[in-house]
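Here's the structure we're looking at; comments come further down.
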């Protein structure tokens, strides 16, 4: 009698193991982007429930990161500002909370802003007409940062600049040597965060020596 009862219990337990579906954890995918859709890299993220931290991560080169094996319940994701990137809304822009069910795939997005700066340079001749074809350099005390050729508009934009003391110079060429120095410059452009310069450089007459 006891042997039969034990056998029945073992059979029932075996059936439960066979027919009980395994628990499926959820996943949470996080994306941190700028208004233009560009991803923000190396943003610190924390997955949490209440005051308990469940996981840590950083965004990759496209601004994405994924948390796996997320349990059911009320879950949150927090992000943190980086040196040059901040949430568009503060402080709510750094937190997202949501309910997770078994097997869910949850997508969370944070909108950040770029706090880097820019310098726009407009180059004109003596008649206030735009100058094209000459090269413009952006530099610091460490050397040349960027060099571009003036388009027909006579204006160039140096963007995504980190804080520093910058200068710009327009380089002379065969058709406009910019004598006597061979260039015209403007320095002392001390750039900080969230600062955008607009400067105009008027060139001397393009006189070619005989």
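Of the strands (runs of 3 or more DSSP E) lying entirely inside segment 56-175, those containing at least 2 residues that are more than 21 Å from residue 25 (Cβ to Cβ) are 85-87, 105-114, 117-124, 135-140, 143-149, 155-161, 164-171. The set of residues in segment 41-66 that are farther than 11 Å from residue 82 by Cβ, surrounded by 13 or more Cβ atoms within 10 Å (Cβ to Cβ) and under 13 Å from the mean Cα position of the chain (by Cα) comprises 60, 62, 63, 64. Examine segment 44-58 for a residue that is closer than 24 Å to residue 161 by Cα and either outside the structural domain of residue 194 (by TED's automatic domain parsing) or modelled with pLDDT under 95 (or both), and state whether such a residue exists. Looking for residues that are closer than 24 Å to residue 161 by Cα and either outside the structural domain of residue 194 (by TED's automatic domain parsing) or modelled with pLDDT under 95 (or both), one finds at least one in segment 44-58, hence yes.
Which residue is farthest from the chain's Cα centre (by Cα), if the candidates are limited to segment 107-138 and must be closer than 17 Å to residue 86 by Cβ and surrounded by fewer than 20 Cβ atoms within 10 Å (Cβ to Cβ)? Let's see the steps before the verdict.
Initial filter on segment 107-138 (closer than 17 Å to residue 86 by Cβ): 109-118.
In the following step, the residues that additionally are surrounded by fewer than 20 Cβ atoms within 10 Å (Cβ to Cβ) were identified as 109, 111, 113-116, 118.
Details: 109: 13, 111: 10, 113: 8, 114: 7, 115: 10, 116: 10, 118: 15 Å.
Ranking the candidates gives 118 first.
Can residue 104 be described as surrounded by 13 or more Cβ atoms within 10 Å (Cβ to Cβ) and in the same structural domain as residue 30 (by TED's automatic domain parsing)?
Details: surrounded by 13 or more Cβ atoms within 10 Å (Cβ to Cβ): yes; in the same structural domain as residue 30 (by TED's automatic domain parsing): yes.
Against the criterion (surrounded by 13 or more Cβ atoms within 10 Å (Cβ to Cβ) and in the same structural domain as residue 30 (by TED's automatic domain parsing)), residue 104 qualifies.
When residues in segment 86-111 are screened for being farther than 19 Å from residue 71 by Cβ and in contact (Cβ under 8 Å) with a residue 24 or more places away in the chain, 6 of them pass. Examine segment 25-38 for a residue that is surrounded by 18 or more Cβ atoms within 10 Å (Cβ to Cβ), modelled with pLDDT under 95, over 30 Å from residue 164 (Cβ atoms) and over 10 Å from the mean Cα position of the chain (by Cα), and state whether such a residue exists. For segment 25-38, residues surrounded by 18 or more Cβ atoms within 10 Å (Cβ to Cβ), modelled with pLDDT under 95, over 30 Å from residue 164 (Cβ atoms) and over 10 Å from the mean Cα position of the chain (by Cα): present.
The values are calculated or read from the model by the stated rules, or taken from the named source; none is laboratory data. For clarity, every value in this text was computed on a predicted model and none was experimentally measured. Neighbour counts run over all protein chains shown; Cβ positions are idealised from the backbone, glycine included.
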